[in-house]
Amino acid sequence: MTFIPNTFGIRVKADRFLEYDSEEELVTLIRSGAVTSPFLHVGQGSNLLFTKDFPGTVLHSRIDDFEEVDRDGYSVTVRVGAGVVWDDFVEECVTRGWYGAENLSLIPGETGAAAVQNIGAYGTEVKDIIAAIAAIDVQTGESRVFSPVECRYGYRQSIFKQPSYKKFIVTSVYFRLSLTEQYALEYGPLKEIESPSLRKIRDAVISIRREKLPDPAETGSAGSFFMNPIITVSHLNDLQQTWPDIPHYPVPDAETVTYPTEGASASPADCVKVPAGWLIQQCGWRGKSQGRAGVWEKQALVLVNRGGASGEEILSLARSITGSVLEKFGIALQMEVNVF
Ligand SMILES: Cc1cc2nc3c(=O)[nH]c(=O)nc-3n(C[C@H](O)[C@H](O)[C@H](O)COP(=O)(O)OP(=O)(O)OC[C@H]3O[C@@H](n4cnc5c(N)ncnc54)[C@H](O)[C@@H]3O)c2cc1C
């Protein structure tokens, strides 16, 4: 029996593990009744934490085609299969001189999941280059194309993460990339690049990531375990009485945000984002272990499997951390990782 892929290195199985090579094959599987409920679609499992075997069907895409579908003087549009390894696509863009994906270099996972997760790093999010998403309804086998607006993108959020839209399996993602030189260099170390080029930015991002983050091939993790919380400015002002240096950033985009600790809605102008890693570090968790689960020495936002940890052990560490941060700062951290 096949184990479900996951970068935490947890050995879990599904009742059924099905892979398909094309949209037609996926539709055939659906219409033949092979996709029993509950179902879960996975990529490389780099944002998943399993606490037990999955009691249903796990699907995985091997659709790995790539084609240019449109081009004008300024941009190129490409269709990329959901099963293409995300970083292979970024490398392809950099090699071809297409601008827009380079800051997202070396993020683990596959292209379909990247669009579901709205992956982001170093000042950019994948939504900025998405032109459309092709998906299949797992209940009917029918296809549907979503525009970026329909995807309702937010910070690590998309419509595909909402319960009533989890039935859509992303089969291809359309990206629009710029043919004219443009970079996002607001993030500290990237600002210092002299005469920037796509290759220099990709190399810099890769080297920063290798320095700060565990290599999934060596240490089990799912990257950032928690989302950076959004708090109200008045909460920030209270915290600044005790921690005057608390780092905080403006809240971008969305028109209203749900303030997690109080469950209320507020406008972004009344809120700030606080780095979860800083909060966790202030609670003394960086480098610590609880059983076989631990907090990464170089980045407190990353929980790791120190060897042989179960999903429950990692979840238990996450709960201990959430409890410490709530007690010290009155902030309820929310998990970025999907737990099953
Ligand atoms: C070391 C490390 C560093 C990381 N750094 C970053 C980072 O900088 N920024 C960032 O945003 N993330 C980061 N991540 C998280 C992770 O890489 C991303 O969330 C990635 O997009 C997950 O891809 P995956 O293929 O592994 O998806 P999975 O983890 O397998 O799945 C993620 C979600 O997508 C759904 N899904 C997968 N494929 C499909 C599909 N075809 N159709 C519909 N739903 C689907 C799954 O059901 C699940 O809900 C990091 C992870 C690790 C281990």
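Could you tell me whether the stretch 203-213 includes any residue that is within 26 Å of residue 97 (Cα to Cα) and over 20 Å from the mean Cα position of the chain (by Cα)? Yes.
Restricting attention to the stretch 91-140, the residues that are within 12 Å of the ligand (Cβ to nearest atom) and within 18 Å of the chain's Cα centre (by Cα) add up to 26.
Select, from 152, 144, the only residue that is surrounded by fewer than 16 Cβ atoms within 10 Å (Cβ to Cβ), more than 12 Å from the chain's Cα centre (by Cα) and in the same structural domain as residue 188 (by TED's automatic domain parsing). Steps first, please.
On the way: 152 fails: surrounded by fewer than 16 Cβ atoms within 10 Å (Cβ to Cβ).
Checking each option against the conditions leaves just 144.
Would the stretch 177-187 turn up any residue that is within 8 Å of the ligand (Cβ to nearest atom) and not charged (D, E, K, R)? No - not one qualifying residue is present in the stretch 177-187.
What do you reckon, is residue 33 away from the ligand (no atom under 14 Å from the Cβ), at pLDDT below 95 and either of a type in the set (Gly, Ala, Ser) or in a strand (DSSP E or B) (or both)?
Working: away from the ligand (no atom under 14 Å from the Cβ): yes; at pLDDT below 95: yes; either of a type in the set (Gly, Ala, Ser) or in a strand (DSSP E or B) (or both): yes.
Yes; evaluated as a whole, the condition is true for this residue.
Out of the residues in the stretch 77-88 that are surrounded by 20 or more Cβ atoms within 10 Å (Cβ to Cβ) and in contact (Cβ under 8 Å) with a residue 60 or more places away in the chain, which is nearest to residue 175 (Cα to Cα)? Only one residue fits best here, namely 78. With the requirement that a residue be touching a Phe, Trp or Tyr at 6+ places or on another chain (Cβ under 7 Å) and not in a helix (DSSP H, G or I), what does the stretch 195-211 give you? 196, the sole residue that qualifies. When residues in the stretch 117-145 are screened for being part of a helix (DSSP H, G or I) and in contact with a strand residue (DSSP E or B) (Cβ under 6 Å, 6 or more places away or on another chain), 1 of them pass. Inside the stretch 117-138, residues that are more than 27 Å from residue 106 (Cβ to Cβ) and in contact (Cβ under 8 Å) with a residue 60 or more places away in the chain make up a count of 2. With respect to the conditions (1) within 10 Å of the ligand (Cβ to nearest atom); (2) without any contact (Cβ under 8 Å) to a residue 40 or more places away in the chain; (3) β-branched (Val, Ile, Thr), residue 28 falls short on a single one, namely (1). Checking each residue in the stretch 94-108 for being in a helix (DSSP H, G or I) and crowded, with 24+ Cβ neighbours inside 10 Å picks out 102, 103, 104. Looking at the stretch 329-340, which of its residues are surrounded by fewer than 16 Cβ atoms within 10 Å (Cβ to Cβ) and over 22 Å from the mean Cα position of the chain (by Cα)? Hit for the stretch 329-340 is 330, nothing else. Filtering the stretch 297-340 to residues that are among the charged types (D, E, K, R) and in contact with a strand residue (DSSP E or B) (Cβ under 8 Å, 6 or more places away or on another chain) leaves 306, 313, 336. Looking at 317, 301, just one residue is within 27 Å of residue 158 (Cβ to Cβ) and either more than 22 Å from the chain's Cα centre (by Cα) or surrounded by 20 or more Cβ atoms within 10 Å (Cβ to Cβ) (or both), and that residue is 301. Evaluating residue 87 against the criteria (1) within 13 Å of the ligand (Cβ to nearest atom); (2) over 23 Å from the mean Cα position of the chain (by Cα) leaves one unmet condition, (2). Kindly establish whether residue 82 is within 14 Å of the ligand (Cβ to nearest atom), within 16 Å of residue 222 (Cα to Cα) and small (Gly, Ala, Ser). So residue 82 fails the test.
Within the stretch 36-76, if we keep just the residues that are part of a loop (DSSP other than H, G, I, E, B) and of a type in the set (Val, Ile, Thr), the residue that is surrounded by the fewest Cβ atoms within 10 Å (Cβ to Cβ) turns out to be 36. Counting only strands (runs of 3 or more DSSP E) that fall entirely inside the stretch 225-337 and contain at least 2 residues that are more than 29 Å from residue 53 (Cα to Cα) and at pLDDT below 95, the qualifying elements are 230-232, 257-259, 264-266, 271-273.
The values are calculated or read from the model by the stated rules, or taken from the named source; none is laboratory data. These figures come from a predicted structure and were not determined experimentally. Neighbour counts run over all protein chains shown; Cβ positions are idealised from the backbone, glycine included.
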